[in-house]
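The values are calculated or read from the model by the stated rules, or taken from the named source; none is laboratory data. Here the structure is a predicted model, which means the values were calculated and not measured. Each accessible area value is taken on the protein alone, full model and side chains, heavy atoms only, with ligands, DNA and RNA left out. Shrake-Rupley method; radii C 1.70, N 1.55, O 1.52, S 1.80 Å.
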Amino acid sequence: MILPFVIVIVFVIVLIFARRNAPTRDCRWREDRTGDKGALRKYHCVACGAEAYRSEGPPDRCLKGLDTPRL
């Protein structure tokens, strides 16, 4: 009787750890110094095509879809 509860708890824990790095899992940020704007460095993601300007290292999450307007 206790086995189904243990299985459910283990399943939930696995789901939590599997989604832990989901926002950055596919993004690979590359620095593009030709597009720098002053102190801001330009970063381009080779996986999703997003671009970001930051002063302190590459972004820590996927920025895909942030620059597209919504209706």
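Side notes on the structure shown:
- Filtering segment 25-47 to residues that are assigned to a loop (DSSP other than H, G, I, E, B) and open to solvent by 40 Å² or more (accessible area, probe 1.4 Å) leaves R25, D26, R28, G38, A39, V46, A47.
- Every residue from segment 49-71 that is modelled with pLDDT of 75 or more and hydroxyl-bearing (S, T, Y): Y53, S55
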